[in-house]
Amino acid sequence: MCLAVPVQVVSIEGNEAEVEIGGVRRHVSIMLTPEAKVGDYVLLHTGYAINVIDEAEAQETLKILEEMASLDEVH
Amino acid sequence: MDEVILLAHGSGSRLSHELIEKNFLPPLANPLLAKLDDSAVFAISGRLAFTTDSYVVNPIFFPGGDIGKLAVCGTINDLAMSGAIPLYLSLSLIIEEGLTLSELTKIVKSIKAAAEEAGAKIVTGDTKVVNRGSADKLFINTSGIGIVPPGIDISGANAKIGDKIILSGTIGDHGIAVMSQREGLKFSVPVQSDCAPLNKLVAQMLEASSQIHCLRDPTRGGLATTLNELAKQSKVGIRIEEEKIPVCDGVRAACELLGFDPLYVANEGKLVAIVASDDAEKVLSKMKRNPYGADVSIIGEVTDEHKGKVIMKTRLGASRIVDMLSGELLPRIC
Amino acid sequence: MKFIDEYRDVELGKRLIARIKQLSTRPTRLMEFCGGHTVAIMRNGIRQLLPSTIEMLSGPGCPVCVTANADIDRAIALAHLPDVIITTFGDMMKVPGSYSSLQQARAGEADIRIVYSTQDALQIAKDNLTQSVIFIGIGFETTAPTIAASILQAEKEGVKNFYVLCLLKLCPPIMKAILDLGEIRLDGIVCPGHVSVVIGSHPYEFIPRDYGVACVVSGFESLDILLSVAMLVGQIESGKPTVEIGYRRGVKPEGNKKALELMDSVFEVDSADWRGIGVVPASGLRLRKKYERFDAEQAFSVTLEPVREAKGCICGDILRGIKTPTECKLFRKVCFPEHPVGPCMVSSEGACAAYYQYGTE
C-alpha cells in the first residue's frame with residue numbers, strides 16, 4: 001500500500017508547500033512535516049508530505065548496497 | 001458577457017444558419033463546403049480508406065491542444081495508419097447549450113490549423129445542440145476519406161517473425177496532459193499533449209521502405225494495448241525491452257505521483273511501425289528527420305514464441321507479460 | 001528523479017542478485033506484506049531472478065483487498081443517498097461488493113468523484129455547500145494521518161458538509177493475526193515501507209522476539225527490495241532474527257511523531273473486519289467522540305442488503321498467503337481484471353491482479 005514519491009519543496013506558505021518532481025508541481029500540505037524547509041526532499045502521499053527524506057541516510061544506503069554487492073567479488 | 005450557444009442554434013433555424021455562415025464557413029473555407037449542399041460530391045479513383053471516430057475528451061482544452069485539434073488529428077492518423085493520403089473530412093458537432101462562442105471559435109480555429117497541416121479539407125458537417133448536462137461541453141465526430149497508393153498493403157495482421165518494432169517517440173504525453181487538468185487531480189505538468197497529424201511522417205516512411213507491414217497509433221489504452229492488438233491480429237509474439245521505450249521526465253514523474261504505468265497512458269501523436277528487419281534502420285533514419293519522429297526508437301521485435309502475447313524484458317533482465325489495459329486507467333494511492 | 005533513479009541501477013541490481021544467490025543456502029519463505037511491494041516485485045520480475053531457495057508470498061497488505069464486503073456495500077449505499085457526493089481514491093472504484101461497485105453506481109445515478117487527496121475532497125465540499133461530501137477513508141497507517149489532518153482542517157475552517165467513512169486499518173495487529181493463525185511457516189517478513197515512515201520500526205519488534213521471524217523494513221525501488229531480501233537472508237542464515245531498516249532514507253525507528261500525534265488526536269483503536277480473516281480486535285481505527293460529527297456511518301443511515309460473498313472466490317486464502325492466485329479455480333477462467341470476482345483481482349496491488357498483469361505464462 002501507500003504510494004509515496006520523493007519530491008522537492010520549492011516554496012512554503014504556512015501549512016502548505018509547492019513541491020516539484022521532474023518538472024511536475026503540486027500544492028501539498030506539510031501539516032505532518034512542519035519541520036520541512038525549502039530545498040528539502042519529502043515523501044509525498046496523497047497530497048501530504050509524510051516525512052523529510054534523510055539525505056545522509058540515502059547516501060549511506062547506496063554505500064551499503066555497493067558493499068553488499070561487492071562482498072563476493074573480492075576473490 | 002460572452003455569447004453562448006443556445007438550443008436554437010442547432011434547430012435548423014436562422015440562428016443555425018448564422019452560426020454556420022459566420023463561424024464555420026470562413027475559417028474552414030473550401031469550394032465543396034461552401035456549396036452547403038446536403039452532401040459533398042466529388043470524384044476520386046483508386047483504393048479508398050474510410051474511417052470514423054468520435055471525440056469526447058474532458059476537459060476540452062488541455063496543454064498542447066483541444067478537442068478540435070484532436071478530432072482532426074485522430075481521424076487523419078487513422079487514415080495514415082493504412083498508408084492512405086488523407087483527402088476529405090466530415091465534421092459533426094454536438095454542442096452542450098451554454099458553450100461560449102469564444103470557446104467554439106477557438107476550437108474551430110484549431111480544426112482549421114490541424115486540417116491545413118495535414119493537407120485535408122473539411123467538406124461536410126453538421127451541428128446539433130443538446131440540453132445542458134447531455135454533453136461535456138462538446139462532442140465531435142469526424143469521418144475521413146483517403147487514397148491508398150497502389151502497392152501499399154498495411155494491416156495489423158501482416159507482422160512477420162523477425163520484424164522489428166519501431167516507436168516514433170515518447171509515450172504518455174497526451175494522457176498526462178489531459179489528466180493533469182481533471183478536477184480532483186490538478187497538477188501542473190511540463191507536459192503537452194503530443195496531438196499531431198502523422199500522415200506526412202508516414203508518407204516519408206513509405207518512401208524509405210516497401211516493407212512496412214503494420215502501422216498503428218497507440219491512443220487510448222496506450223502502447224501496451226496497441227502491441228497486444230497487433231500480436232493477436234497477426235497471431236505472433238511480441239518482445240520489447242523496457243530500456244528502449246522513451247518516456248519524458250514529466251510523464252515519468254506524473255506517473256509516479258498518480259500510480260500510472262506509462263505503457264497504458266494515451267498518446268495522440270505517436271505511431272508503432274512493424275517493419276522487416278532489413279529495412280528497420282532505413283525507416284528509423286527517415287523518421288528521425290521529421291519533427292514528429294525525433295525520439296524514434298526500435299523497441300523490440302516479432303517472435304514466434306508466446307503468440308498473441310507481449311513480453312517485456314525489464315531493466316533487470318527478467319521477463320514479464322505486458323497485458324492490454326483492462327477497464328479505466330485510475331489513479332491510485334496504494 | 002532523485003531518490004528514485006539511484007535505487008533502480010541495473011548493474012548494482014544484478015550484482016546484488018548474484019550476492020543473494022551466494023548467501024541463500026536453505027529453503028527460505030518470505031512474505032512481502034505490502035501491496036506496493038507485491039507490485040514492485042512483479043513489475044521488475046524479481047521472483048524470477050531470485051534463487052529457487054527463496055519463496056515469496058504476498059500477504060494482506062492491500063487496504064482495498066482487505067476491505068470487507070459489508071463496508072463496500074455501505075459505501076455504495078451512501079452513494080445512492082440524495083444530495084451526497086462520494087469522494088474516493090481511484091483504488092476503490094472497481095472493487096466488487098456483494099452486489100455492485102462504486103464504478104457501477106457511478107454509471108447509475110450516484111455522484112462519485114475520484115480524488116488524489118483528501119484536500120481535493122475538502123475543496124469539493126467547499127464548492128458544493130448544499131450537498132454532503134463523504135470521503136471513503138481506506139488505508140493503513142500511511143494514510144490515517146492524512147485523513148486526520150483533513151478532519152482537523154475541516155474543523156478549523158468550519159466546513160460543515162464534509163464526512164469520512166472510516167475504514168482505516170492497522171498493520172502490526174494483522175501481522176500478528178497472520179502469524180497466530182500459523183497456517184504458513186514464515187522465515188522473514190518484508191515490512192511495509194511507507195506505513196513504517198509513520199509508525200517507525202519498533203512496532204515490529206514482537207515478530208522476531210515472539211515468533212523468531214526476521215524483519216526488514218523495505219523501500220519500493222528494485223534495489224530497495226533486493227537489499228531487503230539480502231538483509232533478510234543474512235538474518236535467517238545466521239539464525240539471528242531481528243528488525244532492521246533497509247529503507248533508511250524514509251524510516252526512523254521512532255517514526256513520524258507529528259503524524260502519530262495527529263492520528264492519535266482524531267482516531268482511536270477499534271476492532272476491524274478484514275476480508276478473508278474476519279474481525280480482528282484492535283486492528284482498525286474509528287473517530288474519537290470529539291470528531292464524531294465527521295463520521296459518515298453515524299451521520300447517515302442506510303439499509304444494507306444481506307452481505308454476500310462471491311462463490312468460489314478464495315481471496316481470503318490468498319490474502320493469508322496459503323494459496324497463490326494460480327491455485328484459484330476462477331483465476332483467468334472467470335475472474336479477470338475487467339470482470340473481477342474478488343478484490344484481489346481488482347486492486348492494482350492485489351496479488352491476483354499483479355500475477356495477471358505481470359506474471360509470465
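Being out of contact with any helix residue (DSSP H, G or I) (no Cβ under 7 Å at 6 or more places or on another chain), over 30 Å from C:PHE220 (Cβ atoms) and surrounded by fewer than 22 Cβ atoms within 10 Å (Cβ to Cβ) is true for just one of C:VAL269, C:VAL279, C:VAL302. Which residue is that?
C:VAL279
If you check C:MET56 against the conditions, is it part of a helix (DSSP H, G or I) and either buried (at least 23 other Cβ atoms within 10 Å of the Cβ) or of a type outside the set (D, E, K, R) (or both)? So C:MET56 fails the test.
Consider A:ASP40 carefully, then state whether it is of a type outside the set (Val, Ile, Thr) and either modelled with pLDDT of 95 or more or under 15 Å from C:ALA149 (Cα atoms) (or both). Reasoning before the result, please.
Working: of a type outside the set (Val, Ile, Thr): yes; either modelled with pLDDT of 95 or more or under 15 Å from C:ALA149 (Cα atoms) (or both): yes.
Considered against the rule, which asks whether it is of a type outside the set (Val, Ile, Thr) and either modelled with pLDDT of 95 or more or under 15 Å from C:ALA149 (Cα atoms) (or both), A:ASP40 comes out as yes.
Each residue in the range C:134-177 was checked for being surrounded by fewer than 23 Cβ atoms within 10 Å (Cβ to Cβ) and over 17 Å from C:VAL197 (Cβ atoms), and 13 of them qualify. Residues in the range B:296-334 that are assigned to a strand (DSSP E or B) and facing chain C (nearest Cβ under 8 Å): B:ILE311, B:SER319, B:ARG320, B:ILE321. Report whether or not C:TYR291 is among the aromatic types (Phe, Trp, Tyr), part of a helix (DSSP H, G or I) and away from every other protein chain (no Cβ under 14 Å). When the stated conditions are applied, C:TYR291 passes them. If the condition is being free of Cβ contacts under 8 Å to residues at least 24 places away in the same chain and either touching a Ser or Thr at 6+ places or on another chain (Cβ under 7 Å) or in a loop (DSSP other than H, G, I, E, B) (or both), then the range C:294-313 contributes C:SER301, C:LYS311. Taking the range C:302-361, which residues are more than 22 Å from the chain's Cα centre (by Cα), within 14 Å of chain B (Cβ to nearest Cβ) and either within 18 Å of C:ALA40 (Cβ to Cβ) or at pLDDT 80 or above (or both)? Correct list: C:ARG332, C:THR360.
Each row is one residue, and each column tells you yes or no for (1) within 14 Å of another protein chain (Cβ to nearest Cβ); (2) closer than 16 Å to C:VAL266 by Cα; (3) under 21 Å from the mean Cα position of the chain (by Cα); (4) charged (D, E, K, R).
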site: C:LEU122; (1), (2), (3), (4): yes, no, no, no
site: C:GLU141; (1), (2), (3), (4): yes, yes, yes, yes
site: C:ILE174; (1), (2), (3), (4): yes, no, yes, no
site: C:ILE178; (1), (2), (3), (4): no, no, yes, no
site: C:ILE189; (1), (2), (3), (4): no, no, yes, no
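Inspect all residues belonging to the range B:269-289 and state whether any of them is within 14 Å of chain C (Cβ to nearest Cβ), of a type in the set (A, V, I, L, M) and either in contact with a helix residue (DSSP H, G or I) (Cβ under 8 Å, 6 or more places away or on another chain) or in a helix (DSSP H, G or I) (or both). Looking through the range B:269-289, none of the residues is within 14 Å of chain C (Cβ to nearest Cβ), of a type in the set (A, V, I, L, M) and either in contact with a helix residue (DSSP H, G or I) (Cβ under 8 Å, 6 or more places away or on another chain) or in a helix (DSSP H, G or I) (or both). Take the conditions (1) facing another protein chain (nearest Cβ under 8 Å); (2) more than 17 Å from C:SER218 (Cα to Cα); A:VAL5 misses just one of them, which is (2). All of B:LYS270, B:LYS186 fail the test of being under 30 Å from A:ILE21 (Cα atoms) and in contact (Cβ under 8 Å) with a residue 60 or more places away in the chain, apart from B:LYS270. Within the range C:15-57, the set of residues being more than 7 Å from every other protein chain (Cβ to nearest Cβ) and under 19 Å from A:ILE64 (Cα atoms) comprises C:ILE17, C:ILE20, C:LYS21, C:LEU23, C:SER24.
For the residues A:VAL42, A:VAL19, A:VAL7, A:VAL38, the requirement of being over 30 Å from C:ARG19 (Cα atoms), of a type in the set (A, V, I, L, M) and in contact with a Phe, Trp or Tyr (Cβ under 8 Å, 6 or more places away or on another chain) singles out A:VAL7. Any residue that is more than 9 Å from chain A (Cβ to nearest Cβ), in contact with an Asp or Glu (Cβ under 8 Å, 6 or more places away or on another chain), on the phi > 0 side of the Ramachandran plot and not basic (Lys, Arg) - is there at least one of those in the range C:230-250? Within the range C:230-250 (the criterion being more than 9 Å from chain A (Cβ to nearest Cβ), in contact with an Asp or Glu (Cβ under 8 Å, 6 or more places away or on another chain), on the phi > 0 side of the Ramachandran plot and not basic (Lys, Arg)), the answer is no, since none of the residues qualifies. So is B:GLU103 more than 21 Å from B:THR219 (Cα to Cα), surrounded by 14 or more Cβ atoms within 10 Å (Cβ to Cβ) and touching a residue at least 60 places away in the same chain (Cβ under 8 Å) or not? Spelling it out, it is not the case that B:GLU103 is more than 21 Å from B:THR219 (Cα to Cα), surrounded by 14 or more Cβ atoms within 10 Å (Cβ to Cβ) and touching a residue at least 60 places away in the same chain (Cβ under 8 Å).
Results for (1) of a type outside the set (D, E, K, R); (2) surrounded by 17 or more Cβ atoms within 10 Å (Cβ to Cβ); (3) free of Cβ contacts under 8 Å to residues at least 24 places away in the same chain, shown as yes or no for each residue.
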{"site": "B:ALA254", "(1), (2), (3)": "yes, yes, no"}
{"site": "B:ALA280", "(1), (2), (3)": "yes, yes, no"}
{"site": "B:LYS286", "(1), (2), (3)": "no, yes, no"}
{"site": "B:PRO291", "(1), (2), (3)": "yes, no, yes"}
{"site": "B:ILE298", "(1), (2), (3)": "yes, yes, no"}
{"site": "B:GLY308", "(1), (2), (3)": "yes, no, no"}
{"site": "B:MET312", "(1), (2), (3)": "yes, yes, no"}
{"site": "B:LEU325", "(1), (2), (3)": "yes, yes, no"}
{"site": "B:LEU330", "(1), (2), (3)": "yes, yes, yes"}
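State yes or no: is C:ILE72 part of a strand (DSSP E or B) and more than 7 Å from every other protein chain (Cβ to nearest Cβ)? Judged against the criteria, C:ILE72 is not a match.
Residue-wise test of (1) touching a residue at least 12 places away in the same chain (Cβ under 8 Å); (2) crowded, with 22+ Cβ neighbours inside 10 Å.
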| residue | (1), (2) |
| --- | --- |
| C:ILE4 | yes, no |
| C:GLU11 | no, no |
| C:ARG26 | yes, no |
| C:CYS34 | yes, yes |
| C:ILE41 | yes, yes |
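Please return the ranges of helices (runs of 4 or more DSSP H) entirely within the range C:111-214 where 2 or more residues are at pLDDT below 95 and within 22 Å of A:VAL42 (Cβ to Cβ).
In the range C:111-214, C:118-127 are the helices (runs of 4 or more DSSP H) which contain 2 or more residues that are at pLDDT below 95 and within 22 Å of A:VAL42 (Cβ to Cβ).
With respect to the conditions (1) part of a loop (DSSP other than H, G, I, E, B); (2) within 30 Å of C:VAL164 (Cβ to Cβ), C:GLY321 falls short on a single one, namely (2). If the condition is being within 14 Å of C:HIS339 (Cα to Cα) and away from every other protein chain (no Cβ under 11 Å), then the range C:99-110 contributes C:TYR99, C:SER100, C:GLN104. The strands (runs of 3 or more DSSP E) found entirely in chain A that carry 3 or more residues being at negative phi and surrounded by fewer than 16 Cβ atoms within 10 Å (Cβ to Cβ) are A:5-13.
Of all residues in the range A:27-62, those being touching a residue at least 24 places away in the same chain (Cβ under 8 Å) and more than 7 Å from chain C (Cβ to nearest Cβ) number 8.
In the list C:ASP180, C:ASP210, C:ASP224, which residue meets the criterion of being under 30 Å from A:VAL5 (Cβ atoms) and not hydrophobic (A, V, I, L, M, F, W, C)?
Result: C:ASP224 is the single residue among C:ASP180, C:ASP210, C:ASP224 that is under 30 Å from A:VAL5 (Cβ atoms) and not hydrophobic (A, V, I, L, M, F, W, C).
Considering only the range C:232-258, state which residues are under 27 Å from A:HIS45 (Cβ atoms), assigned to a loop (DSSP other than H, G, I, E, B) and not charged (D, E, K, R). Matches in the range C:232-258: C:GLY246, C:TYR247, C:GLY250, C:VAL251, C:PRO253, C:GLY255, C:ASN256.
Of all residues in the range B:106-136, those that are at pLDDT 95 or above, in contact with a strand residue (DSSP E or B) (Cβ under 6 Å, 6 or more places away or on another chain) and assigned to a loop (DSSP other than H, G, I, E, B) total 1.
The values are calculated or read from the model by the stated rules, or taken from the named source; none is laboratory data. Just so we're clear, the structure is a prediction, and the values are computed from it rather than from any experiment. Note that we place each Cβ from the backbone using ideal geometry, even for glycine, and neighbour counts take in every protein chain shown.
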